[in-house]
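The values are calculated or read from the model by the stated rules, or taken from the named source; none is laboratory data. Because the structure is a prediction, the values reported are computed rather than measured. Note that each Cβ is placed from the backbone with ideal geometry, even for glycine, and that neighbours are counted across all protein chains shown. In case anyone asks, the SASA skips ligands and DNA or RNA and just uses the protein heavy atoms, side chains included. Shrake-Rupley method; radii C 1.70, N 1.55, O 1.52, S 1.80 Å.
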Amino acid sequence: MLRSFLTRSFLVLAFAVLLTAIGTAGYMTVEGWEFHDALYMTVITVTAVGYEEVHPLTRTGQYFTMALLTGGITLMGMWFGAVAAALVELDLNNILRTRATMKRLAELSNHVIICGAGRTGRQVIQEFIDLGRPFLVIERDRRRIEELEEEIPDVMILHGDATSDEKLEEAGVDRAMGLAACLSADADNLFLCLSARALRPDIMIVARGYEEDTMAKLYRAGADHVISPNISGAIQMASFILRPSVVSFLDIATHSPDLALRLEQSEVRTGSQLAGQSLAQARIPQTTGLIVIALRKAGAGPHDFTFNPVADTVLNEGDTMIVLGTPQQLTSLRDYVQQ
C-alpha cells in the first residue's frame, strides 16, 4: 500500500513540475516576461489561488492562462485522488486483515493465548514458532503490532486490552490450551489471571511477575505457574559460577542454530499404538531420535516423575513422557504417538 501511494505521489509531483515548467516557459515566450514573473504567474494559476495578473495579458496570454488553469485543476484532482485512494486502501486492508484473522481464529483450537508482545512476549512467541505450535497474540500497542507483523507476516494478532473479558473471549479462551500473561505491569498480569480463570477454570495459566510479593498474589489470582525474570536470572548467574560446563552445554543446545534442543512432554493418548508397549518395544529413540528423560504415570501427582525410565517400563494410556530433542524430532513424535 505504501509503495502504491509513493508511486502515485511521484507521478503527481512529476506532473506538477512539468506543468510549472511549461507555464513558466509559456509566459516567457508568449508575454515576454522575466523568469521570476513568469514563475510566479504560473504558480498562482496552477494552484488556482486567483491573484490578479502580474502584468496585463494579451489575448494569447489569456488563452494560455485558461489552459494552464485547466491543468492546475487536473493536478489538484490527481493529488486528492491519490490521497483518497491511499485512505480507502488503508481502511480496506484493515478490514480484510481483520476478517482474515477472525476466520483463522474461528478455526483455531488447542492454542495458546500470549498476552503482551514486549520483550518477554517476543521470546515466548519465538519459542512457539520454533516448535510449530498454534498461538494467538493480544497486544494493545499499535507500534508493537506493526513491528511484529513486519517480522512475522503470518502472526495472528488481536489489538486490544488483554485484561478485558470480551477480548479474551474473542481470542477463543474457551478453546485454548493455555495462556501466557506477559504484560508489562504486574497489576495487569494479576487482573488478567483473575479474568482468565473466571472465564475458563481449567485453563493452564503461566504469568510473569517482577516483584517478589506479587508472585504469591498471582498464584492466588489463578496462575498455575509464575516466572520471575529476576529469580531466573539470579539462578542462571549462580549456575554459571557453580556449574559452568553444564550451563554452557545447555546454552549451546538451546540457542545454537545448528543444535537447537527442546524439552517437551508427550501424552500417550487413548487408542495410541504405544499403549501397552514397553519403551524398548516403542523404539522412540530409533524412530524419532528423541531421548526419553522421564515418565509420569497416569494418575500420578504433578511432581511424581520416574527419571531415566528403564527399557521394560510399559506405557499406558494417559502416561506422560518428557523427551529431549529438536523441534523436527518433536513433531515426528507427535505424529508417531497419534498413530
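What is the gain in length, in nm to one decimal, between S248 and T47 on full extension, counting 0.36 nm per residue of separation less the C-alpha to C-alpha distance?
Full extension of this stretch gives 65.5 nm more.
Measuring from label point to label point, each 7 Å out along Cα→Cβ, what is the L194 to E147 span in nm?
3.0 nm
In square angstrom, rounded to the nearest 10, how much accessible surface does V46 have for a 1.4 Å probe?
Ignoring ligands and nucleic acids, V46 comes out at about 10 Å².
Where in the chain are the DSSP H helices whose C-alpha atoms run 27 Å or more along the long axis and whose mean Kyte hydropathy is at least -1.0?
2-30, 59-106
Using a cut-off of 20 Å between alpha-carbon atoms, which aspartates and glutamates can reach K297, once sequence neighbours fewer than 8 places away in the same chain are excluded?
E264, E267, D312, E317, D319
Give the carbon-plus-sulfur fraction of the accessible surface of the chain in %, rounded to a whole number; probe 1.4 Å, heavy atoms of protein chains only. Before the final figure, lay out each step's value.
Details: 11820 of 19970 Å².
Within the chain, the accessible surface is 59 percent carbon and sulfur.
Got a number for the accessible area of S248? Probe 1.4 Å, square angstrom, nearest 10.
My reading of the accessible area for S248 is about 50 Å².
What does the accessible area per residue of the chain come to in Å², with a 1.4 Å probe and no ligands, DNA or RNA counted?
On a per-residue basis, 59 Å².
Under a 1.4 angstrom probe, counting protein chains only, how are H303, H36 ranked by accessible area, largest first?
My answer, sorted largest first, is H303, H36.
For F305, tell me the accessible area in Å² from a 1.4 Å probe, rounded to the nearest 10.
Result for F305: roughly 70 Å² accessible.
With each label point set 7 Å from Cα along the Cα-Cβ vector, what nm distance links A100 and Q328?
Each label point lies 7 Å from its Cα, and together they span 2.9 nm.
Can you show me the helix-derived [θ] at 222 nm for the chain, built from DSSP H runs with n ≥ 4 at -39,500 (n - 2.57) apiece and divided by the number of residues, rounded to the nearest 500.
So the helix-based figure for the chain works out to -18000 deg cm²/dmol.
Computed FRET efficiency, Cβ-Cβ of Q126 and E34, R0 41 Å: what is it to the nearest 0.05?
Given R0 = 41 Å and the Cβ-Cβ separation, E is 0.05.
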